[in-house]
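The values are calculated or read from the model by the stated rules, or taken from the named source; none is laboratory data. All figures in this text were calculated on a predicted structure; none of them were measured in a lab. Ideal geometry is used to build each Cβ from the backbone, glycine not excepted, and the neighbour counts take in all protein chains shown.
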Amino acid sequence: MVRILTAAEFEKQITRLAEILIDAVDSGAGVSFMKPLARDVAEDFWRGQISGIAAQKTFPIVAELDGTIAGLVLLMRAWAPNQPHRCDVAKLLVHRDFRRRGVATALMQALEDKAKALKQSLITFDAVANSPASRFYQKLGFICVGTYPNFAYSGDGKLDDTALFYKEI
Ligand SMILES: CC(C)(COP(=O)(O)OP(=O)(O)OC[C@H]1O[C@@H](n2cnc3c(N)ncnc32)[C@H](O)[C@@H]1OP(=O)(O)O)[C@@H](O)C(=O)NCCC(=O)NCCS
């Protein structure tokens, strides 16, 4: 159900991944983009990840249910040469049709497993403060070190604080 895609597999799924990103923005999530998110912009965003996937800097983890990609997350290794032990979490997205069924939990477990296999010892990322996503990460044991005020606009156009998370593994 949960697996890591190769660059070629990822490219074949760009239409579905764009649907999932558009759905997240439509749902009001703060995931880099404003509402409405055009299909070509969403597809270009995913296409821009392919070189990092091919270089094994980015690992796209997808969850499939009933033969459909229900959600995904990107494990992104830190680019900096002095941080070979650190990776980021990006674009944890579960389509609304599949939420509250443990999909994101399974994705984050797979991400931690892959991070350990890559000998990563620190996972970092940020999320909209006081959001369902922040509550989700806290439930999974990620530690919030604080917030940036008024950091980014949500898909709905409201300025949100951003919470900074980490976990040592
Ligand atoms: C946040 C998100 C990834 C959670 O995905 P999911 O597959 O529904 O999560 P899970 O089913 O694994 O949830 C596990 C637990 O997290 C918590 N949780 C998940 N969604 C929640 C919500 N909307 N409100 C409060 N708690 C929530 C609950 O404790 C839940 O357990 P429960 O269902 O038994 O109560 C999903 O809502 C999403 O894609 N949101 C839009 C995109 C986004 O904000 N991504 C994060 C970017 S940083």
Pick out the one residue from 86, 100, 135 that is under 17 Å from the mean Cα position of the chain (by Cα), at positive phi and modelled with pLDDT of 95 or more.
-> 100
Report yes if some residue within the range 132-148 is within 16 Å of the ligand (Cβ to nearest atom), among the hydroxyl-bearing types (Ser, Thr, Tyr), touching a Lys or Arg at 6+ places or on another chain (Cβ under 8 Å) and part of a strand (DSSP E or B); otherwise report no.
-> no
Residue by residue through the range 100-128, note down the ones that are within 11 Å of the ligand (Cβ to nearest atom) and within 15 Å of residue 163 (Cβ to Cβ).
-> 125, 126, 127, 128
Go through the range 65-85 and give me each residue that's out of contact with any strand residue (DSSP E or B) (no Cβ under 6 Å at 6 or more places or on another chain) and under 15 Å from residue 105 (Cβ atoms).
-> 65
Which strands (runs of 3 or more DSSP E) sit wholly inside the range 1-99 and have at least 2 residues that are surrounded by 20 or more Cβ atoms within 10 Å (Cβ to Cβ)?
-> 58-65, 68-77, 86-94
Inspect all residues belonging to the range 106-115 and state whether any of them is part of a strand (DSSP E or B), in contact (Cβ under 8 Å) with a residue 40 or more places away in the chain, closer than 18 Å to residue 5 by Cβ and charged (D, E, K, R).
-> no
